[in-house]
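A.B. asks: I have a structure here, written as structure tokens, and I will follow up with some questions on it.
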Amino acid sequence: MKKTIIGLALVLLIGLAGACKKDDTNGGGNGGIGNGGTTQPTQIIPIKIGYVKTMIINAHLGIALKHTNILEKNSFKGEVTAYDSETQLLNDLNKGTIDVAFTVDFPGLMALGNGTPAHILCSFGSLGRAVLLIAPDSPVQYLKDLKGSKLKIGVPFNTSAHAHLLDWLNAERIIAEQDVFIQNIKETELKSELTGKAITGAVICDPEATQYNTYKRIADSRITSIVLISHNFYNTNKSKTASLLKSLKTACYYLTKNQVALNNEMAKKGNLSGSIIPAWASFNAIYLAGSPDKINIATINLLPLWNKTVQYLVGQKSINTPFAPGEKSTKEIQEESERKVTDAEIDLKDIKFTPE
């Protein structure tokens with residue numbers, strides 16, 4: 001009996017020694033659970049993000065991500081690029097050169113309708129307004145007064161401004177080319193045409209619209225942010241969706257606490273007047289949010305507006321395939337983008353800004 005107990009003890013000791021040796025081979029030996037006690041290193045995911053350097057909020061957040069360790073703290077190695085135009089930005093998203101694009105509703109939805117392989121990830125809200133301005137000496141006071149007015153209104157065709165104008169007119173049953181005459185005028189020429197009185201009204205977007213203090217604003221609509229994520233990046237890194245959206249929410253909160261610094265960086269990088277940026281950005285709820293729980297990057301409330309934009313693009317034959325914007329996302333993305341974050345989740349004390 002005694003020999004049997006000794007034999008069993010030896011077997012157990014040999015087994016334990018073998019187990020310890022196995023742990024040492026796998027880099028373990030720390031008593032951890034799973035995989036022989038090995039603690040797996042956090043996987044760092046490379047991500048390429050693009051934004052247009054002259055677009056408020058999108059540029060603010062792009063700068064925040066580029067010059068802080070927000071992405072790093074959420075297990076990403078970020079490469080953030082400032083673009084000169086939405087066209088260049090979306091072309092690179094389509095080609096797969098970048099993974100995420102901070103863009104604007106109109107060009108972003110046009111890109112999706114023309115086959116760009118991407119999901120709608122979230123939105124940073126209002127990027128300003130498209131405003132219908134009427135000359136001070138015109139008798140027109142309200143949108144409804146355009147009925148039968150025969151006024152000439154300038155707007156660049158095939159743009160979000162044009163889409164908003166047609167929507168405003170349709171709401172008041174004002175008929176283009178009968179009640180008013182719409183002229184296709186380049187954005188760079190609108191100011192001279194309006195101040196020179198070649199036209200009586202024009203649709204002008206922020207930040208330029210904020211400078212027409214003496215003109216009557218008889219209609220306006222939001223221009224909104226839309227963030228697109230490539231199918232390839234999303235499908236490869238689905239498990240990192242929550243971490244990515246947390247990074248974006250953290251950048252939003254960082255903006256609310258560092259407005260002056262980011263305004264100055266945007267003015268410098270975008271060659272913009274520093275006085276314009278705060279007035280322009282004040283249209284955005286995130287810019288004015290005072291706490292993490294007020295950060296809202298969900299898209300659900302913007303879908304009716306985006307549906308109208310898609311309808312316009314279809315009518316103008318600007319997209320190849322009609323679609324519902326709500327179907328250009330996933331349930332996981334929608335649920336995570338809608339989730340509110342708390343002070344405990346977003347702590348800015350370890351966020352460091354590193355200038356170039």
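The values are calculated or read from the model by the stated rules, or taken from the named source; none is laboratory data. Everything numeric in this text was worked out from a predicted model, so none of it was measured. Reconstructed Cβ throughout: ideal geometry from the backbone, glycine too, with neighbour counts over all protein chains shown.
A.B. asks: Does region 24-31 contain any residue that is of a type in the set (Val, Ile, Thr), at pLDDT 95 or above, touching a Gly at 6+ places or on another chain (Cβ under 9 Å) and part of a helix (DSSP H, G or I)?
C.D. replies: Checking region 24-31: not a single residue is of a type in the set (Val, Ile, Thr), at pLDDT 95 or above, touching a Gly at 6+ places or on another chain (Cβ under 9 Å) and part of a helix (DSSP H, G or I).
A.B. asks: Please find, among Lys152, Lys144, the residue that is more than 33 Å from the chain's Cα centre (by Cα) and buried (at least 17 other Cβ atoms within 10 Å of the Cβ).
C.D. replies: Just one listed residue meets the conditions, Lys152.
A.B. asks: OK, next. Restricting region 265-287 to residues that are aliphatic (A, V, I, L, M) and at pLDDT 95 or above, which is nearest to Ala64 (Cα to Cα)?
C.D. replies: For region 265-287, the residue satisfying everything is Ile286.
A.B. asks: Let me ask you something else. Just one of (1) in a helix (DSSP H, G or I); (2) within 29 Å of the chain's Cα centre (by Cα); (3) over 23 Å from Ile277 (Cβ atoms); (4) of a type in the set (A, V, I, L, M, F, W, C) trips up Phe157, so point out which.
C.D. replies: For Phe157, the failing item is (1).
A.B. asks: Out of Gln43, Gln88, I need the residue that is modelled with pLDDT under 95, polar (S, T, N, Q) and within 22 Å of Tyr234 (Cα to Cα). Which one?
C.D. replies: Just one listed residue meets the conditions, Gln43.
The rows are residues; the columns are (1) more than 30 Å from Leu132 (Cβ to Cβ); (2) buried (at least 24 other Cβ atoms within 10 Å of the Cβ); (3) in contact with a helix residue (DSSP H, G or I) (Cβ under 7 Å, 6 or more places away or on another chain).
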| residue | (1), (2), (3) |
| --- | --- |
| Val227 | no, yes, no |
| His231 | yes, no, no |
| Lys240 | yes, no, no |
| Val260 | yes, no, no |
| Glu265 | yes, no, yes |
| Lys268 | yes, no, no |
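A.B. asks: Moving on. Going through region 135-155 one residue at a time, which ones are in contact with a Leu (Cβ under 8 Å, 6 or more places away or on another chain) and either farther than 18 Å from Arg217 by Cα or of a type in the set (Val, Ile, Thr) (or both)?
C.D. replies: Val140, Ile153, Val155
A.B. asks: Only one of Glu177, Glu187 is farther than 21 Å from Ser126 by Cβ and acidic (Asp, Glu); which? Give the derivation first.
C.D. replies: On the way: Glu187 fails: farther than 21 Å from Ser126 by Cβ.
Only one candidate passes the filter, namely Glu177.
A.B. asks: Let me ask something else. Among Thr103, Thr97, Thr81, Thr68, which is the only one that is among the hydroxyl-bearing types (Ser, Thr, Tyr), in contact with a Lys or Arg (Cβ under 9 Å, 6 or more places away or on another chain), modelled with pLDDT of 95 or more and buried (at least 19 other Cβ atoms within 10 Å of the Cβ)?
C.D. replies: From the options Thr103, Thr97, Thr81, Thr68, the qualifying one is Thr68.
A.B. asks: Residues of region 182-220 being of a type in the set (A, V, I, L, M), within 24 Å of Ile277 (Cβ to Cβ) and not in a strand (DSSP E or B), which ones?
C.D. replies: Leu190, Leu194, Ala209 - these are the residues of region 182-220 that are of a type in the set (A, V, I, L, M), within 24 Å of Ile277 (Cβ to Cβ) and not in a strand (DSSP E or B).
A.B. asks: Same structure again: Given the criteria among the aliphatic types (A, V, I, L, M) and surrounded by fewer than 23 Cβ atoms within 10 Å (Cβ to Cβ), does Ile175 qualify?
C.D. replies: Yes: the conditions hold for Ile175.
A.B. asks: So for region 195-206 (the condition being surrounded by fewer than 16 Cβ atoms within 10 Å (Cβ to Cβ), touching a strand residue (DSSP E or B) at 6+ places or on another chain (Cβ under 9 Å) and either modelled with pLDDT under 95 or of a type in the set (A, V, I, L, M, F, W, C) (or both)), does at least one residue qualify? Working first, answer last.
C.D. replies: Let us first name the residues in region 195-206 that are surrounded by fewer than 16 Cβ atoms within 10 Å (Cβ to Cβ), namely 195-198.
Restricting the remaining residues to those that are touching a strand residue (DSSP E or B) at 6+ places or on another chain (Cβ under 9 Å) gives 198.
Checking the rest, the ones that are also either modelled with pLDDT under 95 or of a type in the set (A, V, I, L, M, F, W, C) (or both) come to 198.
Yes: region 195-206 contains one or more residues that are surrounded by fewer than 16 Cβ atoms within 10 Å (Cβ to Cβ), touching a strand residue (DSSP E or B) at 6+ places or on another chain (Cβ under 9 Å) and either modelled with pLDDT under 95 or of a type in the set (A, V, I, L, M, F, W, C) (or both).
A.B. asks: Here's a follow-up. Would you check if there is a residue in region 123-136 being buried (at least 19 other Cβ atoms within 10 Å of the Cβ), touching a residue at least 24 places away in the same chain (Cβ under 8 Å), of a type in the set (Val, Ile, Thr) and more than 16 Å from Leu190 (Cα to Cα)? First the steps, then the outcome.
C.D. replies: Residues of region 123-136 buried (at least 19 other Cβ atoms within 10 Å of the Cβ): 123-134.
Checking which are touching a residue at least 24 places away in the same chain (Cβ under 8 Å) leaves us with 123-134.
Keeping just the survivors that are of a type in the set (Val, Ile, Thr) gives 131, 134.
Filter once more, so that each one left must be more than 16 Å from Leu190 (Cα to Cα): none.
No, region 123-136 contains no residue that is buried (at least 19 other Cβ atoms within 10 Å of the Cβ), touching a residue at least 24 places away in the same chain (Cβ under 8 Å), of a type in the set (Val, Ile, Thr) and more than 16 Å from Leu190 (Cα to Cα).
A.B. asks: Can you tell me how many residues in region 327-356 are without any contact (Cβ under 8 Å) to a residue 24 or more places away in the chain and more than 27 Å from Ile63 (Cβ to Cβ)?
C.D. replies: So the count comes out to 3.
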